[in-house]
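One structure below.
Throughout, read-outs are computed from the coordinates displayed, never taken from laboratory work. Quantities reported herein were computed from a predicted structural model and do not represent experimental measurements. Cβ: placed from backbone, ideal geometry, glycine included. Neighbour counts: every protein chain shown.
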Amino acid sequence: MATAVISEIMRTLHRIHTQLSDLRSRIVAGPRQVAAHTAQVEAAEAARTGVQEDVKKAKMAADQKQLQLKTSEAKIRDLDAKLNACKTNREYQTLTEQIAADKMATKVLEDEILEALDRIDAIKKTLPTAETAVEAARKLLGEAKTRVATEGTHLEAEVQRLRGELEATERELPADIRDLYDRAVKQKGAEGMAPLDGESCGGCYHQITGNMHSELLVGKVVMCRSCGRLLYLPERTSSG
């Protein structure tokens, strides 16, 4: 078989294998993209849940302090009522001091309640941002699923078309070259072939021998002794 024909077949096979490798990578990348967007949705939802939990905890803390305040106020009212029943100045003084201390504690509680309510408001203000992040992440996930599904259908169809072209081209290989080709493709896939680059392997750039170059020129396919790729003449050389 003529040198130009062999080189053309090998170039075509290499192109097809490279295209198939690229298509398969893109097909595999699709689900990974969906998974990445799914993880982003989950992270956004977790962040939103965290904000909601913070609001809930802040409300519980405020409610507890308000309950303490009511209890303290009831105690003060009870002590105020007892003042009228005091029989001695000492007892009256003791109750007065206790009421003063309780009122001071009540003032502290009131300040803490105001701080707790301010904290609730501050946390609530972050909730819309968290909600927006969830909606945006879900939108991107939906778009990714649609895109991947559409592209996946197209990519699979292209893979089937190229497989048919590959099988047809493989049948054109002479038996001796087909054996070498089958082994190379089985081991390395699209990386099992490379064009000659000057006097070197186009894959690993290891220089070939003069004898190997001569064999290529007479229509043979040779194997790079460094990387094991099958070498063929590039298009610019095959017609020479």
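Tell me, what HN-Hα J-couplings in whole Hz come from the Karplus equation 6.51 cos²θ - 1.76 cosθ + 1.60 at θ = phi - 60° for each residue of region 67-75, using x for Gly and Pro?
Rounded to whole hertz, the list is 5, 4, 5, 4, 5, 5, 5, 5, 5.
What fraction of the DSSP beta bridges in the chain is antiparallel, stated in percent and rounded to the nearest 5?
Once the DSSP bridges in the chain are tallied, antiparallel ones form about 60 percent.
Here are some values of Rg/Rh (Cα atoms, Kirkwood Rh): [x] 1.58; [y] 1.03; [z] 0.93. Which one was computed from this structure?
The value computed from this structure is option [x].
Kindly rank 125-133, 14-22 from highest to lowest mean number of other beta carbons found within 10 Å of each residue.
Per-residue Cβ counts within 10 Å, averaged per peptide and sorted highest first, yield 14-22, 125-133.
Suppose a student asked you for the relative contact order of the chain, using Cα pairs under 8 Å spaced at least 6 residues apart; what percent would you report?
With pairs under 8 Å counted, the relative contact order is 34 percent.
Using Cα-Cα distances under 8 Å and only pairs 6 or more residues apart, what relative contact order does region 32-151 have, in percent? Walk me through the numbers on the way to the answer.
Working: 72 pairs, mean separation 64.6, N = 120.
Contact order relative to length: 54 percent.
Students often check this: by mean Cβ neighbours within 10 Å, which of 37-44, 72-79 ranks highest, and how do the rest follow? Walk me through the numbers on the way to the answer.
Working: 37-44: 16.4, 72-79: 14.2.
Most protected by this proxy first, the peptides run 37-44, 72-79.
Given +1 on the Cβ of Lys and Arg, -1 on the Cβ of Asp and Glu, and no further charges, what dipole in debye does the chain carry about its Cα centre, rounded to the nearest 20?
360
Using 0.36 nm per residue, how much length does the chain from Glu73 to His213 gain when fully extended, once their Cα-Cα distance is taken away?
40.2 nm
State the extension gain, in nm to one decimal, for the chain segment bounded by Glu167 and Lys103, taking 0.36 nm per residue of separation less the distance between their alpha-carbons.
Numbers: separation 64, 0.36 × 64 = 23.04 nm, distance 9.29 nm.
Net length gain for the segment: 13.8 nm.
For region 175-238, what is the percent of antiparallel DSSP beta bridges, rounded to the nearest 5?
Of all bridge pairs located within region 175-238, approximately 60 percent are antiparallel.
Would you calculate, for the chain, the mean residue ellipticity at 222 nm contributed by helices, counting each DSSP H stretch of 4 or more residues as -39,500 (n - 2.57) and dividing by all residues, to the nearest 500?
-29000 deg cm²/dmol
For Arg178 and Glu156, FRET efficiency with R0 = 35 Å and r from the beta-carbon atoms, rounded to 0.05?
Working: r = 27 Å, r/R0 = 0.78.
Calculated value: 0.80.
Each residue of region 54-59 in order: what ³J(HN,Hα) in whole Hz does its phi give by Karplus 6.51 cos²θ - 1.76 cosθ + 1.60, θ = phi - 60°, with x for Gly and Pro?
5, 4, 4, 5, 5, 5
Going toward the positive end of the dipole of region 1-56, with +1 on Lys and Arg Cβ and -1 on Asp and Glu Cβ, which of Thr12, Gln40, Gln52 do you reach last?
Positive-most Cα among the choices belongs to Thr12.
Work out the length of the dipole vector of region 175-238 about its Cα centre, built from +1 on the beta-carbon of each Lys and Arg and -1 on the beta-carbon of each Asp and Glu, and round it to the nearest 20 debye.
About 160 debye.
Which residue, Ser72, Ser214, Pro31, has the largest displacement toward the positive end of the dipole of the chain when charges sit on each Cβ (Lys, Arg +1; Asp, Glu -1)?
Value computed over the given set: Ser72.
Run the paramagnetic zone check for Cys227: 7 angstrom along Cα to Cβ, then residues of region 176-199 with backbone nitrogen under 13 Å.
Taking a point 7 Å out along Cα→Cβ of Cys227, the residues of region 176-199 whose backbone N falls under 13 Å are 188-198.
Taking the Cα centre of the chain as the origin and placing charges on Cβ (Lys, Arg +1; Asp, Glu -1), which of Gly198, Leu166, Val148 is farthest toward the positive end of the dipole?
Farthest towards the positive end: Val148.
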